[in-house]
Amino acid sequence: MTQITPQPGIMDIALYQAGKSHVAGQARVLKLSANENPFGPSPKAIAAAQAAAPDLHRYPSTDHASLRAAIAEVHGLDPDRLICGVGSDEVLQFLTQSYTGPGDEVIYTEHGFSMYPILARQAGATPVCVPETERQVDVDQILNGVTDRTRLVFLTNPGNPTSTLLPESEVARLAESLPKHILLVIDGAYAEFVRPEVSFDGGVALVNKHPNVVMTRTFSKAYGLGGLRVGWGYAARDIIDVLNRVRQPFNLSNLSLATAEAAMRDREYLTFCVAENAKWRDWLVTELAAVGVPCDQSQTNFILARFADQDEAEACDALLQSRGIIVRKVAGYGIPEALRITVGDEEGSRAVAAGIKDFKEGAR
Ligand code: PMP
């Protein structure tokens, strides 16, 4: 045992609990636990990765200009107000590292993403969890949680694992009500999946209006690039300038930059993936409702299937695992009676729906 002690607070940081990707005794699994895109990356992104490979002896761009230009063009944003990171996780880390420290409080909501308290503690700050109401972010609860020490508020919209969307008007009310020295981080990891009939711009207008609002996005979900690790943030120029000072100069590889840029530019493939997700999401929700498993209206690429209680959710999970189907238990997110299920392709959706139907019929 080493005699060398880590810095104070480090041993209070929980280790991130990733979902399973294997089941003992099952050679092939259907993984519906990590909100990955069942269709994989765009073929154009794969071709760009292959084309970038011969240049791996060269250091990558430090300013990510070409990737930022692509994101800016597609989203109608100013490229100088963008920053790219190793997954959106890294962009979130730049924010906590730059703006919070010992003695500061970081607010996140009851069912919020589990990296938020980890990132707060990594920065030496104190994570403060505020309640939600019926699995929905409650702006008044957030505002009640604000103290003199609050420096940053994390909001996932749409939510994970809740799958629901906090209406734009409520996010605007939060942005307007928070004191201007507190950073509001709108994490839009699932923004691409929001139903087109809903008014939603991912937070762009709020970032443009309020200098203390930041928006983060990822290539890991709709773009099918979870393994590549690329995310981005949009903020006021002075915030981007601060974040660039804590960013490693070569945080993204040649491969990452070229692949993510090609994925961003392939709008046709993104549209296909989002449309397939919408189709199988609605189908799955209807099938589960028919066997007595309700889901809140999902605006993401997963659904939150609610059972009678934790025992029933765990028994259903066990049956699915016996068929090699991996979904996510969300007891750790405070919803023990639910299972979070990534929307798959047709085969995956039919397999998980059949498993849940058999479980409910067997249980009767
Ligand atoms: N925010 C939310 C809400 C997420 O669910 C995830 C991925 N699980 C992330 C951020 C981080 O994603 P990545 O680092 O892959 O961009």
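Here, each number is a calculation from the coordinates, and none is a lab measurement. No experiment lies behind these values; they were computed from the predicted model shown. Here the Cβ positions follow ideal geometry from the backbone for every residue, glycine too, while neighbour counts run over all protein chains shown.
Some notes on this structure:
- Under 30 Å of direct C-alpha separation, and excluding same-chain neighbours fewer than eight residues apart, Lys44 reaches these lysines: Lys20, Lys31, Lys221, Lys279.
- Ratio of Rg to Rh for the chain: 0.97 [Cα atoms; Kirkwood radius as inverse mean 1/r over pairs].
- Here is the list for the range 102-171: trypsin sites (Lys or Arg not before Pro) lying in DSSP coil, each with at most 13 other C-beta atoms within 10 angstrom of its C-beta, are Arg149.
- Within the range 5-83, the trypsin sites (Lys or Arg not before Pro) that combine a DSSP coil assignment with at most 11 other C-beta atoms in a 10 angstrom radius are Arg28, Arg58.
- Per-residue ellipticity at 222 nm from helix content only, as computed over the chain with -39500 (n - 2.57) for each DSSP H run of at least four residues, stands at -12000 deg cm²/dmol.
- Taken as Cα centroids, the range 248-313 and the range 186-210 sit 16 Å apart, rounded to the nearest whole angstrom.
- When you filter the GluC sites (Glu not before Pro) in the range 96-143 for DSSP loop state and at most 10 other Cβ atoms inside 10 Å of their Cβ, you are left with Glu134.
- Fraction of beta bridges assigned by DSSP in the chain that are antiparallel (%, nearest 5): 45 percent
- Under-5 Å amide H pairs with Thr126, H placed in peptide plane, nonlocal only: Gly103, Asp104, Glu105, Val106
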